[in-house]
Amino acid sequence: MKITVTDREGAVHEIEGRDGWQVMELIRDADLPIKAECGGCCACATCHVYVDGGPTDKLVPASDEELDMLDLAFDVQDNSRLSCQITMNADLDGMKLTLAPE
């Protein structure tokens, strides 16, 4: 499984996906600049990403808790998600994300 992440400078990174891992963990472990201050507890919005393509229809819809946290984020768009709330699985292979501005 792979996901493609575009960083804030526009560089594209292909990252190996691991079944059951939060996408935030994959991005962090690839040494990309994502703060993820709460460690994946959906208690901040510092892992904000834009889901740009791939199998977006396979994503679990955002929970009310995630939507509340996104209300605190900057530059929220229709495709905004918290990467800590996306759990990697084979259905998401090929997903494309962009790191949101800090």
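FYI, it's all coordinate maths here, none of it is from the lab. Predicted, not measured: the structure shown is a model, and the values here were computed from it. Cβ sites come from the backbone with ideal geometry, for glycine too, and all protein chains shown count toward neighbours.
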Treating the beta-carbon of each Lys and Arg as +1 and of each Asp and Glu as -1, no other charges, what is the dipole magnitude of the chain about its Cα centre, to the nearest 20 debye? 180 debye
In the set (1) 22, 18, 12; (2) 18, 15, 13; (3) 37, 17, 10, which value of semi-axes √(5λ) of the Cα gyration tensor in Å was calculated from the structure you see? (2)
For the ranges 78-88, 92-102, what's the packing order if you count other beta-carbon atoms within 10 Å of each residue, average per peptide, and put the highest first? 78-88, 92-102
From the helices alone, meaning DSSP H stretches of at least four residues, give me the mean residue ellipticity at 222 nm for the chain, per-run term -39500 (n - 2.57), in deg cm²/dmol to the nearest 500. -3500 deg cm²/dmol
Between Ala90 and Lys2, what is 0.36 nm times their sequence separation minus the Cα-Cα distance? Round to one decimal in nm. 30.8 nm
